[in-house]
Amino acid sequence: MQKQKNNDIIFSKAKLAFSMAVFGTIGLFVRRIPFPSSFIAMTRGFAGVVFLLLLNLIRRKRIDFAAVRKNLPVLFLSGAAIGVNWILLFEAYNYTSVATATLCYYLAPIFVTLASPLVLKEKLTVKKLFCVLCALLGMVFVSGVFESGGVNKGDLKGIFLGTGAAVFYASVMLLNKKLCNIGDTDRTVFQLLFASAVVSPYVFLTENVTTFEYTAKAVILLLVVGVVHTGFAYTLYFGSVGRLPAQTTALFSYIDPVVAILLSALALREGLTLFGIIGAVLILGSTLFGEINIKLPLVKRGKK
């Protein structure tokens, strides 16, 4: 029984790590889609829902509406949090640099780790706290703040929006711990549906979608983002976070920005500075150190 439980935990960690790696590749696709970020966010949610419903149809699997009704308040709150998180993050990019917005956004794991003892009654160990602080320091390095000479006062609005996105991202992590007896696909369908529903009014109030040029390339890239980066990746993500401690989820979330930064250097030829390399080592190192139990050998005293 204990062996099966350990295997489930290992499998959940593997799914979480893979989903975060997939999330880290989304920038390569989004940068080539000629639509506003808010519109991409809305359509990725709806595309993800359609993909998952079609997958259910192929599998001949029905949605467990009894479980959905039981978890409906949490599903709605977490889905709405995802939608608001998308809006705040995309707006942050309009007022400050991507590096600064990313740094603010990845304060979310810090919020989760600090809130989990109060909200989820999880024990906050010195080791976990040390690892999160190291990961945050790594994010400072990879964000490029040192190279840019700091944050200007004009970036305060972007920082506020990015931090707000982090708060909603952290709330999604914590709310998912409250879901119970609901399938991974079912929870993902309704969370993405509620996320898109929240984003939709914002899109139609701020954008004229009839003027967009819907080329074949743009539509295909949008479908990839919706199917792979949303429907598939969120299924793995939500299917793992409910089975792992919130602090573990927080640490693994740093895989996303590391993958994004590495791909920007390798695929987009944007270059990886010395600070970026140091930051990536700090983030990955703290994630691994936080999850590996290192037992030091005991030295027994004996007579000489």
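The values are calculated or read from the model by the stated rules, or taken from the named source; none is laboratory data. Keep in mind the model is a prediction, meaning the values are calculated, not measured. Because the Cβ atoms are built from the backbone with ideal geometry, glycine has one as well, and the counts that use them run over all protein chains shown. Side chains are part of the model used for accessible areas, which takes the heavy atoms of the whole protein and leaves out ligands, DNA and RNA. Shrake-Rupley method; radii C 1.70, N 1.55, O 1.52, S 1.80 Å.
Odds and ends about this structure:
- Check on Lys157, at pLDDT 80 or above, part of a helix (DSSP H, G or I), charged (D, E, K, R) and open to solvent by 20 Å² or more (accessible area, probe 1.4 Å): yes
- Residues of region 3-40 classified as in a loop (DSSP other than H, G, I, E, B) and either touching a Pro at 6+ places or on another chain (Cβ under 7 Å) or open to solvent by 50 Å² or more (accessible area, probe 1.4 Å) (or both), total: 3
- Criterion: out of contact with any strand residue (DSSP E or B) (no Cβ under 9 Å at 6 or more places or on another chain) and without any contact (Cβ under 8 Å) to a residue 24 or more places away in the chain - qualifying residue of Ile261, Ile277: Ile277
- Picking from residues in region 209-264 that are closer than 27 Å to Ala115 by Cβ and polar (S, T, N, Q), the one that is most open to solvent (accessible area, probe 1.4 Å) is Thr235.
- Filter result for Lys61 (in a loop (DSSP other than H, G, I, E, B), surrounded by fewer than 20 Cβ atoms within 10 Å (Cβ to Cβ) and without any contact (Cβ under 8 Å) to a residue 24 or more places away in the chain): no
- Residue match in region 162-177 (condition: open to solvent by 20 Å² or more (accessible area, probe 1.4 Å), of a type in the set (Val, Ile, Thr) and modelled with pLDDT of 80 or more): yes
- Scanning region 203-220 for residues that are assigned to a helix (DSSP H, G or I) and more than 12 Å from Ile40 (Cα to Cα) turns up Phe204, Leu205, Thr206, Thr210, Thr211, Ala216, Lys217, Ile220.
- Condition check for Tyr106: open to solvent by 40 Å² or more (accessible area, probe 1.4 Å) and touching a residue at least 40 places away in the same chain (Cβ under 8 Å): no
- Of the residues making up region 178-191, those that are modelled with pLDDT under 90 and assigned to a helix (DSSP H, G or I) number 5.
Results for (1) more than 18 Å from the chain's Cα centre (by Cα); (2) hydroxyl-bearing (Ser, Thr, Tyr), shown as yes or no for each residue.
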{"position": "Ile9", "(1), (2)": "yes, no"}
{"position": "Phe23", "(1), (2)": "no, no"}
{"position": "Ile26", "(1), (2)": "no, no"}
{"position": "Phe35", "(1), (2)": "yes, no"}
{"position": "Ser38", "(1), (2)": "no, yes"}
{"position": "Leu53", "(1), (2)": "yes, no"}
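- Of all residues in region 64-99, those satisfying the criterion of being β-branched (Val, Ile, Thr) and open to solvent by 10 Å² or more (accessible area, probe 1.4 Å) are Val74, Val84, Ile87, Thr96, Val98.
- From the list Val151, Val132, the one residue that fits, being open to solvent by 60 Å² or more (accessible area, probe 1.4 Å), among the β-branched types (Val, Ile, Thr) and modelled with pLDDT under 85, is Val151.
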